[in-house]
Amino acid sequence: MAGTKTRVFALLMTLIMIIAAVLFGGMRSLTKLRNQAVEEAFSNGGYELDQRANEAINLMDIIYEYEHENYSSVMWDCYDAIFAVQDTDSLSAKLDANEQLSAMIEKVYVYLYTLNLTEAERTEADYIYDKLMEMDAALVGIEPTDAEKKFNKVLDEFPANVIAQITGVDAL
């Protein structure tokens with residue numbers, strides 16, 4: 001009887017170790033594929049999208065000079081759009097967030113002209129706005145990379161979908 005318990009225990013431990021090895025190996029493969037997709041995304045426009053979001057902060061700084069005590073909803077919405085671009089590794093999500101950011105930049109630019117800006121501040125706002133529009137125009141035609149599409153496709157298939165769910169690896 002004691003020999004049977006030992007065998008069952010050894011079999012269970014072996015099974016647990018195999019499952020752990022499969023999960024670890026699968027997670028490692030998914031992480032490597034995800035990192036490759038993220039790296040490719042940044043070389044394909046992700047960096048430029050982050051730069052555009054950073055430049056939008058400069059436009060917000062002009063408003064801050066006038067409303068540092070009382071932020072308008074336009075400012076909060078623009079900051080949300082900026083952070084949406086910056087807080088993701090996915091080129092698809094960055095491109096979606098960039099559309100929201102573009103709309104908010106337009107609203108912020110219009111809002112700037114309701115403030116009592118000096119001539120120098122108006123010139124600076126115009127310069128930043130023009131630069132943001134040039135950056136946006138340069139981003140036209142950027143699409144999610146093949147690596148990102150491949151990663152997301154792999155996550156839809158078995159067993160990667162199960163491993164991703166268990167280990168917390170998210171789609172891009």
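The values are calculated or read from the model by the stated rules, or taken from the named source; none is laboratory data. As the structure is a prediction and not an experimental result, all values here were calculated from the model. Every residue, glycine among them, receives a Cβ derived from its backbone with ideal geometry; neighbour counts consider all protein chains shown.
Inspect all residues belonging to the stretch 53-68 and state whether any of them is under 26 Å from Gln36 (Cβ atoms) and surrounded by 16 or more Cβ atoms within 10 Å (Cβ to Cβ). Yes - at least one qualifying residue is present in the stretch 53-68.
Exactly one residue out of Ala20, Ala41, Ala53 is within 30 Å of Tyr109 (Cβ to Cβ) and at pLDDT 70 or above: that is Ala53. Just name the residue that is surrounded by the most Cβ atoms within 10 Å (Cβ to Cβ) out of those in the stretch 69-94 that are farther than 21 Å from Gly141 by Cα and of a type in the set (Gly, Ala, Ser). The residue in question is Ser72. When Lys131, Lys94, Lys107 are checked against the criterion of being in contact with a Leu (Cβ under 7 Å, 6 or more places away or on another chain), touching a residue at least 12 places away in the same chain (Cβ under 8 Å) and either assigned to a helix (DSSP H, G or I) or closer than 26 Å to Lys149 by Cα (or both), Lys94 stands alone in meeting it. The residue of the stretch 89-110 that is modelled with the lowest pLDDT, among those that are under 17 Å from Asp126 (Cα atoms) and hydroxyl-bearing (Ser, Thr, Tyr), is Tyr109. For the stretch 95-126, the tally of residues that are over 14 Å from Cys78 (Cβ atoms) and either touching a helix residue (DSSP H, G or I) at 6+ places or on another chain (Cβ under 7 Å) or surrounded by 12 or more Cβ atoms within 10 Å (Cβ to Cβ) (or both) stands at 8. The combined condition, being modelled with pLDDT of 75 or more and under 18 Å from Gln51 (Cβ atoms), is fulfilled by Ala137.
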